[in-house]
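Here is the structure we will look at, set down as structure tokens.
The values are calculated or read from the model by the stated rules, or taken from the named source; none is laboratory data. Since this is a predicted model, take the numbers as computed values, not measurements. Counting neighbours? That spans all protein chains shown, and the Cβs are built from the backbone with ideal geometry, glycine included. Only protein heavy atoms, including side chains, enter the accessible area calculation; ligands, DNA and RNA are left aside. Shrake-Rupley method; radii C 1.70, N 1.55, O 1.52, S 1.80 Å.
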Amino acid sequence: MKKAILFLSFVANAFLSYGQTTVGLIAHWDMNGTTNDVSGNGHNGNGNNLTAAKGMDGVMGHAWYFNGVNSWITIPYSPAFNVTQFTISATIMIQGFYNGICHTNMILCRGASVPSNGNYSLNFDDYPAGSGCTPGIDTTQESFILNASSAAATLDPTPISPFNDTPHLVINKWYTVVATFNDTVFKIYINNVLKKTIPTPTPGKLMISNTD
């Protein structure tokens with residue numbers, strides 16, 4: 001797990017371009033003193049060992065700090081998260097990089113982190129730069145990654161190296177990342193700029209899942 005502070009939202013329909021919208025909004029966790037979903041759809045979270053932190057606006061309590069060891073928020077299962085396309089938007093300050101197995105720093109994950117039916121996630125690590133699940137971590141080569149899987153096969157871009165992006169992620173800097181998937185194409189916007197457009201090797205829809 002990473003050390004970070006963030007807030008995020010989840011939308012069923014992929015953005016055509018970066019922007020703010022409530023069309024198709026499933027959930028919005030603004031991290032403003034609670035773990036509640038402020039979209040009005042009732043997808044409230046359960047926090048564990050969170051610490052109030054300053055948000056990007058500099059106001060204390062407008063973000064949560066995750067300690068990288070035992071801090072997380074879980075969202076109970078809902079059929080609303082069974083989607084065929086989506087947008088995940090997060091604002092995050094990275095304050096450390098996970099150096100355990102595969103070096104994955106999870107921002108949002110539906111289901112197990114290992115690809116499974118209906119799984120999707122937004123994370124960052126040094127995998128696109130070639131480190132992958134190796135004994136050593138290269139914290140100078142961290143990039144945002146979007147993953148999705150179906151019952152038939154992974155929909156992840158192959159090779160995943162196209163996600164490798166410069167300048168790479170650094171600590172103590174705010175990022176707004178918007179990641180979209182629409183059955184055939186992954187897109188990632190960083191700080192209002194479209195950085196990646198990557199087709200899937202095996203286009204297909206996400207499957208139904210009953211995981212949180």
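Results, tabulated for the structure shown:
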read-out: Lone unmet requirement of (1) out of contact with any helix residue (DSSP H, G or I) (no Cβ under 6 Å at 6 or more places or on another chain); (2) buried (at least 17 other Cβ atoms within 10 Å of the Cβ); (3) at pLDDT 90 or above for D156; value: (3)
read-out: Some residue of the stretch 203-212 being without any contact (Cβ under 8 Å) to a residue 40 or more places away in the chain and touching a strand residue (DSSP E or B) at 6+ places or on another chain (Cβ under 8 Å); value: no
read-out: Residue count for the stretch 82-96, restricted to those that are among the β-branched types (V, I, T) and in a loop (DSSP other than H, G, I, E, B); value: 2
read-out: When residues of the stretch 122-141 are limited to those that are at pLDDT 85 or above and within 28 Å of T211 (Cα to Cα), the one most open to solvent (accessible area, probe 1.4 Å); value: Y127
read-out: Cross-chain or 6+ apart pairs with Cβ under 6 Å, the stretch 97-111 first and in a strand (DSSP E or B), then of a type in the set (S, T, N, Q); value: N105/N123; M106/N123; I107/N123; C109/S121
read-out: Any chance I73 is out of contact with any helix residue (DSSP H, G or I) (no Cβ under 7 Å at 6 or more places or on another chain) and either under 24 Å from V170 (Cβ atoms) or modelled with pLDDT of 90 or more (or both); value: yes
read-out: Looking only at the stretch 28-52, and only at residues there that are touching a Leu at 6+ places or on another chain (Cβ under 9 Å) and either modelled with pLDDT under 90 or not in a loop (DSSP other than H, G, I, E, B) (or both), the one that is least open to solvent (accessible area, probe 1.4 Å); value: W29
read-out: Test set (1) more than 23 Å from T91 (Cβ to Cβ); (2) exposed (fewer than 15 other Cβ atoms within 10 Å of the Cβ) - M207 fails condition number; value: (2)
read-out: Whichever residue in the stretch 182-202 is assigned to a strand (DSSP E or B) and out of contact with any strand residue (DSSP E or B) (no Cβ under 6 Å at 6 or more places or on another chain) and, among such residues, is surrounded by the most Cβ atoms within 10 Å (Cβ to Cβ); value: L194
